[in-house]
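These notes concern the structure reproduced below.
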Amino acid sequence: MTQSAYLLSLWMGKRLIADIEYLPAEEKWSLRYTDDWRSDPDAFPLSPAMSMDKDIPSTTVRRFLENLLPEGQALDIVASSQGVAKSNVFGLIRALGAETTGACRFLPQGADGTAEQAVNDRRQISIEELDQRISERDKRPLIEWDGKMRMSVAGYQDKLLVYFDGKPEDGARMYLPDFPLASTHILKPQPTEVRLPFMVANEHFCMTLAREMGLPAAQVAILRTPRPVLVITRFDRAIVPGAEIPVVRKHIIDACQAADMPVNFKYERNVGNKGDAALYREGVGFPVLFGLLEFGYRKAVDKLAMLRWALFQLVIGNSDAHGKNFSFFVHRAGLQAAPWYDLVSVVPYPQFSHELAMAFGDQFHLDQVRAFDLADFAQSCAIDRQLLLRECRRLRDGVRKHALALATVDLYQDGERELTRAIAEFALAQSERLCDSAQDAIGIADDML
């Protein structure tokens, strides 16, 4: 008896670019680009491992799709609402794939990917309704609206994807996106976890500090409903005023997808950090991340961006910067490093592990990265140590100039301001220590590493 195949179509905008087939009995996936896409001189593969000229391994297709799904409680909610197991990647992508990270839209085969929602049917959300829904999260998930589950981008925190018809700070109207509308912003309300106070202010401060220092972080704002909500401008979207489709989706992938790794390899210690499990280091670490420059088309620029990203995590105390927190635009010419996101200081929360997601050399402890570890990191990632020192000094000077001033702006309220000031003071001290260690790293002989 021939087993039935489950089918999906992959669209970018109004264009069908690939067909996906899944054989559940064999757990076998296949993805085939359309002839129309293959013949386009501007076409590109979805990731370095998903060639347009060769058969794509089944595991690669699954990993690519799985990395698009939310994690943690959001995944639990979606799986339960759809009546499928959390491991049922096909069922989840079929349910949620109309609005994903990047440019991909996944529709049932035969569905009209050019069909548009009428402008008058757009679902608007008021600030009052958003506030009410945030308050009800323990009873009704934030990603469920009007009986429909909305896609939540990858990650653990509650997120809602919305379209603003202007600048949120200017009172722009807010809508749920349905094709041809695409989301322009990501909303992240304060987590319900009481052990994570002022997380919105934390991320807003870290992201804003990076931007003030000239680093390529996504633009953020705080919307108060009056509950604090972080508003992140999506960099995988472009606004085209007056166009038929006002928002153009840009294709991006995270480092796990770029390296063809499953989502549970987002940490360098992919098995665990206790006992013998800590010996397994096959997930995304800095050597893997910098190794992805092989697929880039502006290697020197992106290598510098990766170095600055790695060092900035140390400066703000973000031990949870993992393989799904660094992304790339995908072009015909190759990969291009995307703006930064999810910059959060973990230091204010001592109840959580401060073990680094990616080690500097062999050092996984945030507060123990010293000269030898930086030298080891530089050697393993082919980074000149003089360049490392210059970048550490550049970060230190930027923190000195901006951190305390940003931490005390009127935007932050009471306890928020106390937290942002504490992060600023940590960054000041940490950036000084980093410069001292980078200076000492220059004198370490190569044969000692």
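Filter region 158-180 for residues that are free of Cβ contacts under 8 Å to residues at least 40 places away in the same chain and over 16 Å from GLU129 (Cβ atoms) and give the result. Outline the logic, then answer.
In the first step, residues of region 158-180 are kept if they are free of Cβ contacts under 8 Å to residues at least 40 places away in the same chain; the result is 160, 162, 164-167, 170-172.
Scanning region 158-180 gives ASP165, GLY166, LYS167, ASP170.
If you scan region 96-111, which residues turn out to be surrounded by 20 or more Cβ atoms within 10 Å (Cβ to Cβ) and on the phi > 0 side of the Ramachandran plot?
Residue satisfying the conditions is GLY102 alone.
Quick check: anything in region 147-155 over 23 Å from GLU416 (Cβ atoms), surrounded by 22 or more Cβ atoms within 10 Å (Cβ to Cβ) and among the basic types (Lys, Arg)?
yes
Sort through LEU215, LEU142 and tell me the only one that's within 30 Å of SER345 (Cβ to Cβ), out of contact with any strand residue (DSSP E or B) (no Cβ under 6 Å at 6 or more places or on another chain) and either part of a loop (DSSP other than H, G, I, E, B) or hydrophobic (A, V, I, L, M, F, W, C) (or both).
Criteria check complete, one pass: LEU215.
With (1) without any contact (Cβ under 8 Å) to a residue 60 or more places away in the chain; (2) surrounded by 15 or more Cβ atoms within 10 Å (Cβ to Cβ) as the list, and ASP410 as the residue in question, which single condition is left unmet?
Of the numbered conditions (1) without any contact (Cβ under 8 Å) to a residue 60 or more places away in the chain; (2) surrounded by 15 or more Cβ atoms within 10 Å (Cβ to Cβ), the odd one out for ASP410 is (2).
Which of the residues belonging to region 24-56 are touching a helix residue (DSSP H, G or I) at 6+ places or on another chain (Cβ under 7 Å), hydrophobic (A, V, I, L, M, F, W, C) and either in a loop (DSSP other than H, G, I, E, B) or assigned by TED's automatic domain parsing to the domain that holds PHE329 (or both)? So that I can check it myself, show each step before the final result.
Of the residues in region 24-56, the ones touching a helix residue (DSSP H, G or I) at 6+ places or on another chain (Cβ under 7 Å) are 28-31, 43, 46-50, 52.
Within this subset, residues satisfying the condition of being hydrophobic (A, V, I, L, M, F, W, C) are 29, 31, 43, 46, 49-50, 52.
Scanning region 24-56 gives ALA43, LEU46, ALA49, MET50, MET52.
Looking at region 187-198, which of its residues are in contact (Cβ under 8 Å) with a residue 24 or more places away in the chain and either touching a Leu at 6+ places or on another chain (Cβ under 6 Å) or surrounded by fewer than 22 Cβ atoms within 10 Å (Cβ to Cβ) (or both)?
Matches in region 187-198: LEU187, LYS188, GLN190, PRO191, THR192, ARG195, LEU196, PRO197, PHE198.
Would region 379-395 turn up any residue that is on the phi < 0 side of the Ramachandran plot, touching a Cys at 6+ places or on another chain (Cβ under 7 Å) and not assigned by TED's automatic domain parsing to the domain that holds ARG227? Steps first, answer last, please.
Within region 379-395, the first condition is being on the phi < 0 side of the Ramachandran plot, and the residues that meet it are 379-381, 383-395.
If we keep only those that are touching a Cys at 6+ places or on another chain (Cβ under 7 Å) as well, we get 392-393.
With the extra rule that they be not assigned by TED's automatic domain parsing to the domain that holds ARG227, the set shrinks to 392-393.
Taking every residue of region 379-395 in turn, at least one turns out to be on the phi < 0 side of the Ramachandran plot, touching a Cys at 6+ places or on another chain (Cβ under 7 Å) and not assigned by TED's automatic domain parsing to the domain that holds ARG227.
In region 320-345, which residues are assigned to a loop (DSSP other than H, G, I, E, B), touching an Asp or Glu at 6+ places or on another chain (Cβ under 6 Å) and surrounded by 20 or more Cβ atoms within 10 Å (Cβ to Cβ)?
LYS324, ASN325, VAL344
So in region 379-398, with the set limited to residues that are assigned to a helix (DSSP H, G or I) and over 27 Å from ALA424 (Cβ atoms), which one is nearest to the chain's Cα centre (by Cα)?
SER380
Identify all residues within region 125-139 that are part of a helix (DSSP H, G or I) and either modelled with pLDDT under 85 or among the β-branched types (Val, Ile, Thr) (or both); write none if there are none. Give the derivation first.
So in region 125-139, the residues part of a helix (DSSP H, G or I) come out as 127-135.
Within region 125-139, ILE127, ILE134 meet the criteria.
The values are calculated or read from the model by the stated rules, or taken from the named source; none is laboratory data. Computed from a predicted structure; not experimentally measured. Cβ sites come from the backbone with ideal geometry, for glycine too, and all protein chains shown count toward neighbours.
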